[in-house]
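The next block holds one structure in the form of structure tokens; read it before the comments.
The values are calculated or read from the model by the stated rules, or taken from the named source; none is laboratory data. Here the structure is a predicted model, which means the values were calculated and not measured. As a convention, Cβ positions derive from the backbone with ideal geometry for all residues, glycine included, and neighbour counts pool all protein chains shown. In case anyone asks, the SASA skips ligands and DNA or RNA and just uses the protein heavy atoms, side chains included. Shrake-Rupley method; radii C 1.70, N 1.55, O 1.52, S 1.80 Å.
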Amino acid sequence: MIKESVLILAARSDIGKAVAHEFASLGHPVQLAARNIETLEVDMSDISLRYSVPVTLHEFDALETETHASFVDALPELPEIAICAVGLMEPQDRTQEDIGAFTRVMRSNFEGPANIMAELANRFETRGSGTLVGISSVAGERGRASNYSYGSAKAGFTAFLSGLRNRMAKRGVHVVTVLPGFVETRMTEGMDLPARLTAQPSEVASGIARAVEKKRNVVYIRPIWRVIMFIIRSIPEFIFKKMSI
Amino acid sequence: MSTIVRSEPNLIARGSGRAYGDSAINPSATVETRHLNRMIRFDPSSGQLVAEAGVQLGDIISAFLPHGWFPLVTPGTRFVSLGGAIAADVHGKNHHNDGSFRNCVDWIDLMRQDGTIKRCSLDEDAELFDYTLGGMGLTGVIVRAAIRLRPVETAWIRQTTISTDNLANCMQVIEGAQNATYSVAWIDCLGQAANLGRALVMLGEHAEVSDLPLDMKAAPLQIKPKKMRSVPVYLPALTLNRYSLSAFNSLYYWIGSRKRGDRIVDWKSYFYPLDSIAGWNKIYGRKGFVQFQCVLPLESSESGLTALLAEIASAGTGSFLSVLKRFGKQSGAFSFPMEGYTLALDFPVNAKVFALLDRLDRITIEHGGRFYLAKDSRMRSETLHASDERIGDFQTMRESREFTAHFRSAQSERLEL
Ligand SMILES: Cc1cc2nc3c(=O)[nH]c(=O)nc-3n(C[C@H](O)[C@H](O)[C@H](O)COP(=O)(O)OP(=O)(O)OC[C@H]3O[C@@H](n4cnc5c(N)ncnc54)[C@H](O)[C@@H]3O)c2cc1C
């Protein structure tokens, strides 16, 4: 039996790649989308050799929002599942000093991802089926001095996904928001992350596959993050503003 | 990676870290190849697979066994990388027929000290090709390789177990089974006197569809996934002593001999019994264990093995796993196997074991044998140099190509390679 096809946006990212392997290993055909897509040719052959599923490559730039509609039209078939792993982190102080860096962070974590999800959502709605998965971040749950540019963009994306889920719920389309917490990827390379709170990309990938299958709404990859973020959200503002976390 | 290779004064490549000693460690720079793990091309007409060096043998089996392909040669764990299998030129239970891993390698892409990649094969820089297969990473970093897989009809092995009472009997059985595709003997290495070298000889053939019981014929290449067992904690050192080891060995022998005769077993249990027990090494307690593996030339195999086993039996420190295999012809400029018998042992680390190993080294050399670098962690440089007359050529080749300064491991420094 042929399974539903899966579109992966930002297929070069560590999480994107892990997600591609996870779904392909479950027998889904995958469409890999990223910039300079020809550099993923080896991954395409790898995934199709390992799991004997069809794999296709598609040039995609999250920031070129005006191309998103034609990007979707050009796909060999409208996917049943679309997973957006697009994201960019810049050091907070850089985004404070350099408006270019700030804009890049906002556009890469909010505008671009929201736009492509919206584009796909409209078509899924017409078809009356599909699952959209947005990878957001726990950083979006409360702004902190050390990371609020990235965090606020992710907060926007989280709110967007929540609204989209609300709108699509009656249309046969499901929306999953993934809040991975720390993940060991190139984005976090060199950071000193606490091992108990840090997931591997493959863990995120299997969490996503489970969430899609079980039609979850908002998932934390490691359950401990639900507790941590509950506490962080509960701290009264007059105390929070004096803290450095 | 090429930047690292170019800029580090000296380094060594690391695959999956399954070598037992310090072959894949360099304190100044160790190049991780785990992320070079993509399969590139497969040609079903020849069975040739092109893949990056960090791909594990187990991944190749998962991808291709369902289509009827299996590695031509595999070591006792599937968690080795392609690069590691090539660099150690690993052998399997079929060396007597199929030779070592090199026999399935069509070409390799090797990164040299200037960061450029060179393709080597029997036709292109045959010398470098020859020395890299078995060269323990000391000739460069393998980044890609083309290997040939063997076609199989099923994922099952037809295993025949024969129990033997002593070494002579065991060797006789192995010699008589030269036509078997796979053969290996598990020795009860605490058996003494008349029982010295008693063993279970296990022969194996890739089963054909017609060998399978009816219910398995429908999907001959599928096996039901088995649950991983695991050793949860380090067993206290107390549980390992000559009595428990002796009990273990006798029990193993006894259980095995009750399974005498023919059975159909799945490929994992035949080739990789240890892989199904995650963290099996914890059996040895926190201090861990050391491996010893030598090969003895055919003429002196029986006397050499007798001397080795007698030494071990009298030391009483024992070994959980004592594996005896028959090697076929020697091939390759620096590869470990030579025609004869190879004995692999592992010993829990304790006060007496290093002295015992030194005595085993001496016995090996006295019988014209040599040692497997992938299993070594403690040998002395003199021992290695006394055991292998090919070392000089290997060093000359390394020096002439200016590898000596560049590709080094903790092991190569210890052994002055
Ligand atoms: C349970 C168990 C059973 C085993 N059974 C057998 C057996 O039956 N037969 C047998 O022959 N061996 C056996 N071995 C040993 C094992 O096959 C070898 O040590 C093999 O080299 C390990 O591969 P690796 O990828 O883990 O390499 P590592 O341990 O990481 O490295 C081993 C050597 O290969 C070199 N190397 C690794 N990758 C590269 C690369 N890309 N380029 C250049 N050099 C590289 C390293 O520098 C090092 O010298 C066994 C090991 C275990 C743990």
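Check off (1) open to solvent by less than 40 Å² (accessible area, probe 1.4 Å); (2) modelled with pLDDT under 95 for B:Asn166 and give me the number that stays unchecked.
(1)
Among the residues of segment B:291-320, which ones are out of contact with any helix residue (DSSP H, G or I) (no Cβ under 8 Å at 6 or more places or on another chain) and open to solvent by 10 Å² or more (accessible area, probe 1.4 Å)? Reasoning before the result, please.
Here is the first cut: in segment B:291-320, the ones out of contact with any helix residue (DSSP H, G or I) (no Cβ under 8 Å at 6 or more places or on another chain) are B:295, B:297-300, B:303, B:310, B:313-314.
Result: B:Pro297, B:Leu298, B:Glu299, B:Ser300, B:Ser303, B:Ala310, B:Ser314.
Which residue is farthest from the ligand (Cβ to nearest atom), if the candidates are limited to segment B:37-55 and must be crowded, with 22+ Cβ neighbours inside 10 Å and away from every other protein chain (no Cβ under 11 Å)?
Filtering segment B:37-55 for residues crowded, with 22+ Cβ neighbours inside 10 Å gives B:39, B:49, B:51-55.
Then drop every residue that is not away from every other protein chain (no Cβ under 11 Å), which leaves B:53-54.
Details: B:Ala53: 4, B:Gly54: 7 Å.
Per the stated criteria, the residue is B:Gly54.
Given the conditions (1) more than 22 Å from A:Thr185 (Cβ to Cβ); (2) within 14 Å of the ligand (Cβ to nearest atom); (3) modelled with pLDDT under 95; (4) surrounded by fewer than 19 Cβ atoms within 10 Å (Cβ to Cβ), which single one is not true for B:Tyr20?
(4)
So, in segment B:117-128, of the ones that are in contact (Cβ under 8 Å) with a residue 24 or more places away in the chain and within 14 Å of the ligand (Cβ to nearest atom), which residue ends up nearest to the other protein chains (Cβ to nearest Cβ)? Explain how you work it out, then say what you get.
From segment B:117-128, those in contact (Cβ under 8 Å) with a residue 24 or more places away in the chain are B:117, B:127-128; that's our starting set.
Checking which are within 14 Å of the ligand (Cβ to nearest atom) leaves us with B:117, B:128.
Values: B:Ile117: 14, B:Leu128: 25 Å.
My answer is B:Ile117.
Among (1) away from chain A (no Cβ under 14 Å); (2) among the aliphatic types (A, V, I, L, M); (3) in contact with a Ser or Thr (Cβ under 7 Å, 6 or more places away or on another chain), there is one condition B:Val5 misses while meeting the rest; what is its number?
Single failed check for B:Val5: (3).
With respect to B:Val73, determine if the residue is away from chain A (no Cβ under 14 Å), within 25 Å of B:Ala155 (Cα to Cα), surrounded by 17 or more Cβ atoms within 10 Å (Cβ to Cβ) and modelled with pLDDT of 95 or more. I'd like the intermediate steps shown before the answer.
Details: away from chain A (no Cβ under 14 Å): yes; within 25 Å of B:Ala155 (Cα to Cα): yes; surrounded by 17 or more Cβ atoms within 10 Å (Cβ to Cβ): yes; modelled with pLDDT of 95 or more: yes.
Yes: the conditions hold for B:Val73.
Give me the residue from segment B:23-36 that is more than 18 Å from the chain's Cα centre (by Cα) and open to solvent by less than 30 Å² (accessible area, probe 1.4 Å) and, out of that set, nearest to the ligand (Cβ to nearest atom). Steps first, please.
Restricting attention to segment B:23-36, the residues satisfying the condition of being more than 18 Å from the chain's Cα centre (by Cα) are B:25-36.
Imposing the further condition that a residue be open to solvent by less than 30 Å² (accessible area, probe 1.4 Å) reduces the set to B:26, B:29, B:31, B:33.
On the way: B:Asn26: 8, B:Ala29: 12, B:Val31: 8, B:Thr33: 4 Å.
Among residues in segment B:23-36 that are more than 18 Å from the chain's Cα centre (by Cα) and open to solvent by less than 30 Å² (accessible area, probe 1.4 Å), the one nearest to the ligand (Cβ to nearest atom) is B:Thr33.
With (1) modelled with pLDDT of 95 or more; (2) surrounded by fewer than 15 Cβ atoms within 10 Å (Cβ to Cβ) as the list, and A:His21 as the residue in question, which single condition is left unmet?
Tallying (1) modelled with pLDDT of 95 or more; (2) surrounded by fewer than 15 Cβ atoms within 10 Å (Cβ to Cβ), A:His21 fails exactly one: (2).
Conditions (1) open to solvent by 10 Å² or more (accessible area, probe 1.4 Å); (2) more than 14 Å from every other protein chain (Cβ to nearest Cβ); (3) within 10 Å of the ligand (Cβ to nearest atom), marked per residue:
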| site | (1), (2), (3) |
| --- | --- |
| B:Leu82 | no, no, yes |
| B:Gly115 | yes, yes, no |
| B:Leu138 | no, yes, yes |
| B:Arg150 | yes, yes, no |
